[in-house]
Every structure is written in C-alpha cells, then in structure tokens.
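Participant: The following block contains the structure, expressed as structure tokens.
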Amino acid sequence: MDVKCSSDSERPAVKDPTAVERANLLNMAKLSIKGLIESALSFGRTLDSDYPPLQQFFVVMEHCLKHGLKVRKSFLSYNKTIWGPLELVEKLYPEAEEIAASVRDLPGLKTPLGRARAWLRLALMQKKMADYLRCLIIQRDLLSEFYEYHALMMEEEGAVIVGLLVGLNVIDANLCVKGEDLDSQVGVIDFSMYLKSDDDIGGKERNVQIAAILDQKNYVEELNRQLNSTVNSLHARVDSLEKSNTKLIEELAIAKNNIIKLQEENHQLRSENTLILMKTQHHLEVTKVDVEAELQTYKHSRQGLDEMYNEARRQLREESQLRQDMENELMVQVSMKHEIELAMKLLEKDIHEKQDTLIGLRQQLDEVKAINMEMYQKLQVTEDAVKEKNEIISRLEDKTNQINATMKQLEQSDKDLLTQTRTIAMSFIKCASNEAQHQYKLVKDISF
C-alpha cells in the first residue's frame, strides 16, 4: 500500500485540457499582436490586406473567438459560427451599428463566417476592436447563449486578449473588404513566423524601447480623449452660460424699463389723486348748500302734501266701496237673467275689461302715491330733480288724457253693447258707465 501511495504522489497533476487550450491561444494572441505591432512600426506605412502578420492576426482572433462556441442545430446541418456574438455588439455599443449595417450590405458575403471576418477587419480599421470586445465580454449572461462556460471569452484570458488589443490602435490599416473572398478562406496558423532566431535574441532591447513608445502613445491617446471630452463639456457649459447670461441681461433691461414705467404711472396717479380730492371737496360744499335749500322747501310743502295724501286715501276708500257694490249687483243680475246668456257673456267680458281698467287706474294711483313719497324722501336732490318732477306731472297729465280717451271708447262700446242687449242689461251698463265717469273725476281731482 505504501508503494502504491508513493507512486501516485510521484505522478504529475493532470491539467484541464480546456485550460491548456486557453493558455495556448492566449500565448498565440500575444505573439501575433506583438509581432504585428513591431512589424507595422518597422514597416512605416499603412497596412493592406496582403500583409502576412495582419493575416495571421485575423486567423488567431478567429480561433480565439471560436473556442468553446456552442453548436446550434438547424434543419439540415449543425451551425457553429462567431457571427452570432459579434452581431450582439451593436445592441450593447451603439457605435457598432454602422459596422454591422455595412457588413450586411456587402454583396459578396454569403456565410456568417464571412460576415464575421469582414466585421473584424472593419473594427480594426476603426481602431475600435478592443472597445467592442470589451463591451461584449462584460455581458457574460448574454455570452452564455453562444459559448460554453469554459470558453476563452468566458474566462480571464478573454479579458487579457482584449487588453492586448488596445495596442493595435497605433496601427493604420486600409483593407479592401469588397473584393476579398472571405467566405472560403482557410484559417491556418503559421508558426514559422513566431520562431525566434539568434538574430532576434539580440533585438530584445529594441523591442523594449518599442513597447515603451507604444505605452507612451497609448497614454497620450487616452489623455487626448479625456481632454477632448473635457473640452467638449466645457464648450457646452460655456454656451449654456452665455445663453443664460444673455437671457438675464434681456430680463434686466425689461425689468428696468418696467420700473421706469411704473414710476411714471405712480407720479401721474398721485397728481390725478390730488385733482380728484380738490374736485370732491368743492362738490361737497356745493351739495351741502343745495341740501339746505331743499330742506327749507320741503318743510314748506310738507303740509300741503299731507292734506293731498289724506284726500286721495278717502277717495280710494269710496272707490273700493263702489266697486264692491257693483260686483254684488253684477252677481244678482247674472243669477236672475239666465235667458240672456249670450248677452251676459258679453257683459261679463266688458266687466273684466273694466276691472282691468280699474286695476290700471289703481296702479296709476299707486304710482302717484310713490311719486308723492319720493317727494318726501328726496331731500338731497338738486334743481334737476324739480325739473324731473315737472316732467312726471306732465306725463301724468298725458296719462289722464289717455284715460279720458279710453273712457270715451268704453262709453262708445257700452253704447254698442246696449243696442245689442235687452232692456234688462241697460241699467247695469249705465251704472258701470256712471261709475267709470266718477272714477275718472276722482283721478283727475287727485292729479290736480
């Protein structure tokens, strides 16, 4: 048992094959990116599609993106392509929408792999490959739909490769994607490019210098980006401050103009107030004198008005008694004379009209009373009130004339009705006519 235990402990630990694959791909990516940067700097001009280190870089990146990719089943075959996760970048990074749209519009691309290769070339020309892939590896929950859990893009090696890709921003590439057959290319890694010779060992110092220069260039570019963003924000802030300053200046000018206008209006209102006060005092003095004169006039005329009011009241009581007697007589005549129904209906109609006339006369009498009461109460009225009273008296005279004309019409209508009715109704009509004449005389006496 001891021998077996010692033999087991002497055996080397077995490594995970997927971890070995990731480490190998990471090393190849390092070599490819480093070789591409060094050769590009020594080359000294813009790279094109035929440059061998650039071709090997795209092959290595294709192998890195394919590692741990899930196989998707379709109706006819199994599909395993890197276009799916690359297509996802445009949803996470809005600036990648232009690349994805350009790749879809290319006429010569028929396979998803060809579209993915074209996407990598366009991203390199834009110097945005590191930014796009960094945005992709952060979203591990979305990548899990395309990659296995042990894939290079799901582990730390993917983040390391993305960090190495930042150094490619120093490279200027001009790649023609339209004329290149990207669907049928075979991606094979050429290891002979990365085997070092004795001459290459002596160039370590030069490589260190190049790496330092690249680091400085990357730092300067990053600093330039930050400064550009700061300058843009400052420009926007200055514009907003200028706009707000102009608005404040305009509002200040408007406020000053309003203050000047308000001061002028205040001065004008004060002057008008003094004038109104003087006019009011003068008017009060004049009114006081007029009121004293009218008070003396009222005292002299009050006694005569009281006598007139008592006489009108007595005549009103007599008129009410006469009206009551007439209504009683009318009821007796209606109950006794059934045989002359038609004539009585006409008489009733005439009676109603006369009642309306009586009501109108009573209303006029009430108006006369109201006018008399106003004569008692309007002690503070000026000479214009006296003129108005004279006009009211003339109107009353006109009304009496109208009443006289109305009574004449009523007498004429009574005559017409008397000719049509029998002798029994004549006495009733004469009584009504006499009563109307009597009321007219009473109203005329009251008005005078």
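The values are calculated or read from the model by the stated rules, or taken from the named source; none is laboratory data. Please read these numbers as outputs of a predicted model, since none were measured by experiment. No Cβ is skipped: glycine too gets one built from the backbone with ideal geometry, and neighbour counts run over all protein chains shown. Protein only, heavy atoms only, side chains kept; ligands, DNA and RNA dropped before computing areas. Shrake-Rupley method; radii C 1.70, N 1.55, O 1.52, S 1.80 Å.
Participant: Going by the alpha-carbon gyration tensor, a ≥ b ≥ c the square roots of its eigenvalues, is segment 311-448 rounded (a/c under 1.5) or, if a/c is not under 1.5, prolate (a/b greater than b/c) versus oblate?
Facilitator: Working: a/c = 3.62, a/b = 2.45, b/c = 1.48.
Taking the square roots of the gyration eigenvalues as a ≥ b ≥ c, segment 311-448 is prolate.
Participant: At what distance in angstrom do the alpha carbon centres of segment 350-386 and segment 140-185 lie from each other?
Facilitator: Using only Cα atoms, the two centres lie 112 Å from each other.
Participant: Does segment 229-311 classify as rounded, prolate or oblate by the C-alpha gyration tensor (a ≥ b ≥ c root eigenvalues; a/c under 1.5 gives rounded; else a/b over b/c gives prolate, otherwise oblate)?
Facilitator: Verdict is prolate for segment 229-311.
Participant: Note down the accessible area of SER335, probe 1.4 Å, to the nearest 10 Å².
Facilitator: The value for SER335 is about 70 Å².
Participant: Ignoring everything but the protein chains, give the 1.4 Å probe accessible area of ARG225 in square angstrom, nearest 10.
Facilitator: Probe radius 1.4 Å; accessible area of ARG225 about 110 Å².
Participant: Can you tell me how segment 17-132 classifies by the Cα gyration tensor, rounded, prolate or oblate, using a/c under 1.5 as the rounded cut?
Facilitator: oblate
Participant: Can you pull out the trypsin sites (Lys or Arg not before Pro) in segment 99-184 whose DSSP state is coil and whose Cβ has at most 14 other Cβ atoms within 10 Å?
Facilitator: Values: sites: ARG104, LYS110, ARG115, ARG117, ARG121, LYS127, LYS128, ARG134, ARG140, LYS178; in loops: LYS110, LYS127, LYS128, LYS178.
Answer by residue number: LYS110, LYS178.
Participant: So how far apart, in nm, are the two label points at ASP181 and GLU251 if each is 7 Å from Cα heading toward Cβ?
Facilitator: 7.1
Participant: Let me ask something additional. Keeping all protein chains in place, calculate the accessible area per residue for segment 37-177 (probe 1.4 angstrom), answer in Å². All intermediate terms of the calculation are to be shown ahead of the outcome.
Facilitator: On the way: 6790 Å² over 141 residues.
Per-residue value: 48 Å².
Participant: Same structure again: Just how much of LYS408 is accessible, in Å², when a 1.4 Å probe is used and the result is rounded to the nearest 10?
Facilitator: The value for LYS408 is about 130 Å².
Participant: Grab the Cα-Cα distance for THR46 and ARG225, subtract it from 0.36 nm times how many residues apart they are, and report the gain in nm with one decimal. Walk me through the intermediate numbers first.
Facilitator: Values: separation 179, 0.36 × 179 = 64.44 nm, distance 2.28 nm.
That works out to 62.2 nm of additional length.
Participant: Rounded to the nearest whole Å², what accessible area per residue is found for segment 296-448 with the 1.4 Å probe? Could you put the intermediate results ahead of the total?
Facilitator: On the way: 10510 Å² over 153 residues.
Dividing the accessible area of segment 296-448 by its residue count gives 69 Å².
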